[in-house]
Amino acid sequence: MPGNSARPNRRTSNKKGPQIGSGGQRRKGLQGKGPTPPAEMRTGHAKQRAAQAKDAKARRQQGRSGGGARRGGRTPAELVVGRNPVVEALRGGVPANTLYVQQFLDTDDRVTEAVKLAMERGDVHLMEAPRAELDRMTNGLSHQGLVLQIPAYEYAHPDDLLGAADDAGQAALIVALDGVTDPRNLGAVVRSASAFGGHGVVVPERRAAGMTAGAWKTSAGTAARTPVARATNLTRALQSYQKAGLTVVGLAADGEAELADAPGLDGPVVVVVGSEGKGLSRLVGETCDVRVRIPMPGGAESLNAGVAAGIVLYEAARRRA
């Protein structure tokens, strides 16, 4: 019937061309994707890594010139409590702001020496305080009438250690500590790094030893000239060092290479030392370019972090001489 003639369905029509709703988008699939990007823009390419290292160096130089330098944070101020600890801290050159002495205190040789050492420094304030105030400051600890306030430590940023090597015109020699929680070990590593030409020490922000009075004392004053940097994530810090051209050498009892055969120690390198009990953590160990063992003919199972770092730093210094 004329009134019921079927109209063609445009969605099922055999007519060539795009269907309704495509908007002609299918034609874009035939378009070229443009020229191949330059090597500097291709992920994983050697030229891209070189460009990233160059940019990192420029950022460090900008930071040292005052253009937004990054720091690794600060520790809270610390109190050294008790006559013997206070005297030992002052003898050891531990930085201090104020020596608090209890009013009407019965003095002895330790009190006299503490006051004398503080006065000889010239930058330590002497303050008399009532016993109740010292009790409040120390949360009731046995302070014996002497309290020494240690200033907050200003940590460097891991990039600052590369900058120190650049400024000295030397291949970077850095020590990173993974899971070392004893401040005395940190101080010993700082002392070894200073002795063998290291450019600094990196510690994680969490679950790691910091620059406390004990670390300062063990460093024998070398912490004043050897920076300690703090990394929010140690694995990422090591990967950043790798991109900058450093070899990451981890110390492990089951390392695949002996120290005498370890590669990279004569060039830019970061030596990673784990805890005495657990060694390197899994992620840090996997990040290392090579894991090195220190031969021990005497049969000892392990060395503490300070001793192990000193041995490897000596080997690095010997190769660079």
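The values are calculated or read from the model by the stated rules, or taken from the named source; none is laboratory data. This structure is a prediction, so every number in the text was calculated from the model and none was measured. When we count neighbours, we look across all protein chains shown, and the Cβ atoms used for this are built from the backbone with ideal geometry, even at glycine. We work out accessible area using only protein heavy atoms, side chains counted, and drop any ligands, DNA or RNA first. Shrake-Rupley method; radii C 1.70, N 1.55, O 1.52, S 1.80 Å.
Just to confirm my numbers, what's the Cα centroid distance between the stretch 250-319 and the stretch 87-163 in Å?
Here the two parts' Cα centres lie 37 Å apart.
Using R₀ = 41 Å, calculate the FRET efficiency as 1/(1 + (r/R₀)^6) where r is the Cβ-Cβ separation of E258 and A224; round to 0.05.
On the way: r = 35 Å, r/R0 = 0.85.
E(calc), rounded to 0.05, equals 0.70.
Computed FRET efficiency, Cβ-Cβ of S142 and A195, R0 25 Å: what is it to the nearest 0.05?
On the way: r = 36 Å, r/R0 = 1.46.
Efficiency, from the Cβ-Cβ distance: 0.10.
Can you give the Kirkwood hydrodynamic radius for the stretch 72-173, in Å, rounded to one decimal and based on Cα pairs? Working shown, then result.
On the way: mean 1/r = 0.0656 Å⁻¹.
By the Kirkwood definition, the hydrodynamic radius is 15.3 Å.
When the distances between all Cα atoms of the stretch 224-321 are binned every 10 Å from zero, what whole-number percent does each bin get?
Histogram of Cα-Cα distances, whole percents per bin: 15, 49, 32, 4.
Percent relative contact order of the stretch 199-251, based on C-alpha pairs within less than 8 angstrom and at least six residues apart?
Working: 37 pairs, mean separation 22.8, N = 53.
Contact order relative to length: 43 percent.
Keeping all protein chains in the complex and leaving out DNA, RNA and ligands, what accessible area do you get for Y153 with a 1.4 Å probe, in Å² to the nearest 10?
Y153 has an accessible surface of roughly 30 Å² with all protein chains in place.
How big is the stretch 145-225 along each principal axis, measuring the range of its Cα positions in Å and listing the largest first?
49, 24, 20
At a Förster distance of 35 Å, what's the computed FRET efficiency of R131 paired with E154, Cβ-Cβ distance as r, to 0.05?
Details: r = 33 Å, r/R0 = 0.93.
About 0.60, to the nearest 0.05.
Considering only DSSP states other than H, G, I, E and B, which trypsin sites (Lys or Arg not before Pro) in the stretch 136-224 qualify as loop sites with at most 14 other Cβ atoms within 10 Å?
On the way: sites: R136, R184, R191, R206, R207, K217; in loops: R206, R207.
Filter output for the stretch 136-224: R206, R207.
Would you check the accessible area of M127, probe 1.4 Å, heavy atoms only, in square angstrom rounded to 10?
Counting only protein heavy atoms, the figure is 90 Å².
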